[in-house]
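Worksheet for the structure shown next.
The values are calculated or read from the model by the stated rules, or taken from the named source; none is laboratory data. None of these values were measured; they are calculated from a predicted model. Positions of Cβ are generated from backbone atoms using ideal geometry, with glycine treated the same way; all protein chains shown enter the neighbour counts. Areas reflect the complete protein model, heavy atoms only, side chains present, ligands, DNA and RNA absent. Shrake-Rupley method; radii C 1.70, N 1.55, O 1.52, S 1.80 Å.
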Amino acid sequence: MKKYLVVAFALSLILLLVSPLGGSFVANAQTNTTLIGQLQDQVSKLQVALSSLTQGRVVKPINSVLATTTTPLTRFPSPTVTINQCNNKNHFSMAFILVASTRSELTTERINKLNSIKDAFSNEFYLATKGLATMNTSYPVFTISRDELTEYSFETISKKFYEKNLDIFDFISIYAVNGAGSSMSTSHQPAQNRLNGLGFGLFDNTVEFGSKGRLLGINYERDIDIQENTGTLMHETSHQWCCFAGDNFVPDDILPVGMRNAEMHFFPGLESPYQCATPLGARYWISNGDGTFRMSKDCFETIKFHPFQLYFMGLYDQGNFNLNKKFNIFYSKLNFVHKAVPYKQVSINDIISIEGSRSCTSGQLPLLPPVVNPPIQTIISSYPPGNAIDARDASAGGFNLNFFGGLVPAVDIRFDGAIMSLFPDLFSVSSSNIAGTPEITQTTYITDPPTSPHDIELNLSRYLIPGERIRITHKPSNSSVCLGFLPGDVNGDGRFNATDIGTLRSWLPTAATAGIGANQPLWKTDINRDEVFDAQDLARLTELRNAPDAVLTLPACPGPFGLSTKQSQLANIFSTLRQALEIWSQLLMSR
C-alpha cells in the first residue's frame with residue numbers, strides 16, 4: 001500500500017504542474033508544447049494503470065501507442081529511406097509476431113498480453129540504455145499459424161512477415177504459443193553484424209530472412225503464456241551485441257579479459273555498477289565487511305545495460321565514459337554466492353587491447369551460415385525423481401542421499417546433454433514456504449573429473465522443512481524439477497495418514513519373500529535414517545503419526561520463480577512514472 005501512496009503522491013504532483021493551477025511556467029511555455037503533450041500522455045497512462053492496479057484488475061498496456069493512433073506506420077521511417085546500420089546506434093524499431101499451431105490459439109487474450117510486453121519494452125529499453133537509445137515497438141502484432149509456413153524456422157517466419165509488411169525493422173521478436181509444436185528454444189538469431197571489436201565475425205544474412213539489409217536480428221520466445229515481463233526479451237535482444245569479446249572466465253587464467261560465461265553471457269562475478277544484475281548476467285556485489293563479498297539477490301532500480309555492453313552498442317566512447325574504469329571480477333572456489341573476493345579487474349580498454357577498437361564496416365559483406373546459438377541443455381531427471389516426496393524422519397541423523405536431511409542439503413540433476421556452465425546464477429528456486437526460500441550455494445559435477453558432465457549436484461543453503469515443496473528451475477532452458485519433504489508420506493500422495501502405515505507394513509520382508517519394499521528407494525522407506533529398511537522404520541512411522549505436532553499435508557508444487565502479475569504491473573507503473581519525471585525535468589531545464 002505504501003508503494004501505491006508513493007505513486008499517487010507523485011501522480012498528483014505532476015497533475016498539479018500540468019494543470020492550469022500549475023502556475024505561469026506552464027502557461028508561458030509556448031515553446032514546450034511537444035514536451036507538455038508527452039507529459040500529459042504519460043500522466044493519462046499512469047492514471048489508467050494505477051486505477052487498474054488498485055482495483056485488482058489486469059492492467060491494460062501502459063505505453064500503448066495503438067490505443068492513441070490508428071496509423072502506426074507513420075511513426076516509422078518512410079520505406080524509401082535507407083538505414084545505414086553503421087550510423088544507426090541510437091534509434092531502433094522492433095516488430096512482433098505471434099505464431100501458433102492453429103489460428104484458434106491466436107486468442108485476443110494472448111495478443112493483448114504481447115501488446116503489453118512490447119509496449120513496456122519500449123520504455124525499458126530506453127531506461128536500460130540510460131536514455132541513449134530508443135526502440136520503437138508501436139507496430140501492430142502480426143499473427144501466423146503453422147499451416148501458413150512451409151517449415152518452422154526463423155527464415156520462413158520472417159519471410160512470411162515481409163510478404164505483408166515493409167522492410168523497416170531492425171529487430172523482429174517472435175513469440176510462440178507453447179513452441180507452436182516445435183522444439184525450438186528461446187534464443188536470439190543475428191541476421192547481420194557489421195561491427196568490429198565485438199569478438200564476432202562480419203556477415204550479412206539478411207536476404208535469408210527476407211530483408212533487404214535492414215534487419216539486425218530475430219528474437220524467439222518459446223511460450224507467450226509464461227511470459228510476465230520484458231526480462232527475457234531484453235536478454236535476447238542484448239545478444240545482438242554481447243557477449244562475444246574476450247574469453248570465458250577460468251580460474252587461474254592469464255588472459256586479461258576473462259569476463260564471459262557460457263560463450264555469450266557475462267560471468268556472474270563481473271561487477272554490475274548498479275544495484276541490480278544486468279540483462280546478460282553481471283551481478284551486483286555487496287561487501288560482507290571482512291574483505292569478502294556476497295551476490296545481491298535484490299534489485300532496487302530499473303535494470304540497465306552494463307557499461308561494457310553500452311560500449312559494444314556504440315553508446316559509450318571516450319567522449320562520455322572513462323574507458324580505463326576498472327570493474328571487479330569476484331570469485332571463490334568454496335562459496336561463490338556468499339563469500340567471493342575480488343579476483344581481477346577489467347576495463348573497456350582491456351577489451352579493446354584484445355579485440356581492437358569498435359568500428360563499423362559498410363558495403364557488401366559475405367553471406368555466412370546463420371550463427372546458431374549453442375544448444376540449451378534441459379533438465380530430464382533428478383534424484384529423487386521429479387515430484388518425489390521424502391518421507392524420512394526430519395529429526396534423526398543419517399547419511400547423505402543428496403536429498404534434503406542428509407549431511408549436505410543437495411539435489412542431483414541430470415541434463416539431456418553436457419552442461420558446461422555450472423554457476424548457481426543459472427538456477428532459481430521457488431518454495432511453498434512463505435517464510436523464506438533456500439538458495440543454491442554451489443553447483444558441482446557429481447564425478448571429478450566430470451566423466452558424466454550432464455550430471456551435477458546442487459547444494460542448497462538449508463534443508464527443507466517438513467511440509468515444504470521447492471521447484472528448482474534451470475533458467476536458460478526454463479526446465480525444472482519439483483521436490484517435497486513430508487515425513488511419513490510413504491506413498492507420496494502429499495498426505496500423511498493411516499494408509500502410509502499400511503503401505504509400509506505391506507513392504508516389510510517376510511519369511512516367504514523379501515517383500516516389495518526391497519525395491520523401494522530408501523527415501524520412502526528408511527524412516528529412521530539408519531540406512532536399512534526394517535521393522536524399526538514401521539515403529540518410527542507410528543510414532544510420527546501419533547506426534548501432536550505432526551505435519552500431515554503437503555502443498556502443491558510452487559510455480560517458477562518470477563514476478564507476480566501485480567508486481568509486473570507495479571514495475572511498469574514506476575517505469576512510466578520515471579519517464580514522466582524525466583520529461584518534466586526537460587521542461588524545467590528549458591524554462
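Segment 294-345 gives an Rg/Rh value of 1.07, both radii derived from C-alpha positions and Rh following Kirkwood. Taking label positions 7 Å along the Cα-Cβ direction at both residue 552 and residue 89, the computed distance is 6.9 nm, reported to one decimal. Across segment 138-231, the relative contact order, built from alpha-carbon pairs under 8 Å that are at least six residues apart, equals 35 percent. For residue 196, nonlocal amide neighbours, meaning residues 5 or more places apart or on other chains whose placed amide H falls under 5 Å from its own, are 359, 360, 361.
Working note: Karplus 6.51/-1.76/1.60 with θ = phi - 60° gives segment 133-150 the couplings 8, 10, 9, 7, 10, 7, 5, x, 5, 9, 10, 9, 10, 4, 5, 8, 10, 6 Hz, where Gly and Pro are set to x. Database remark: amide H of residue 382 closer than 5 angstrom to the amide H of 414 (H placed geometrically; neighbours at sequence offset of 5 or more, or on other chains; Pro and chain starts carry no H).
A protection proxy built from the mean count of other Cβ atoms within 10 Å ranks the segments 150-163, 283-296, most packed first, as 150-163, 283-296. Highest average first, the peptides 246-252, 302-308 ordered by how many other beta carbon atoms sit within 10 Å of their residues are 302-308, 246-252.
Would you work out what percent of the accessible area of segment 224-380, with all protein chains in place, is carbon or sulfur (probe 1.4 Å)? Whole-percent figure for carbon plus sulfur exposure: 53.
Listed values for segment 532-547 are Karplus-derived 3J(HN,Hα) couplings in whole Hz (6.51 cos²θ - 1.76 cosθ + 1.60, θ = phi - 60°), namely 9, 9, 8, 4, 5, 5, 5, 4, 5, 4, 5, 4, 4, 5, 8, 5, and x replaces Gly and Pro.
Between amide H atoms placed 1.01 Å from N, distances below 5 Å from residue 142 occur with 96, 97, 98, all of them 5 or more places distant or on a separate chain.
Modelled label positions at residue 196 and residue 320, each set 7 Å beyond Cα in the direction of Cβ, lie 2.4 nm from each other.
Think of segment 244-347 as having a plus end and a minus end, set by charges on the Cβ of Lys, Arg, Asp and Glu; of 251, 300, 312, 300 sits farthest toward the positive end of this dipole. Converting phi to 3J(HN,Hα) with the Karplus coefficients 6.51, -1.76 and 1.60 and the offset θ = phi - 60°, segment 200-214 yields 10, x, 8, 6, 9, 9, 4, 5, 5, 9, x, 9, 9, x, 8 Hz in sequence order, with x at every glycine or proline. Highest mean packing comes first when the peptides 170-182, 422-434 are listed by Cβ atoms within 10 Å, giving 170-182, 422-434.
Modelled label positions at residue 226 and residue 539, each set 7 Å beyond Cα in the direction of Cβ, lie 4.7 nm from each other.
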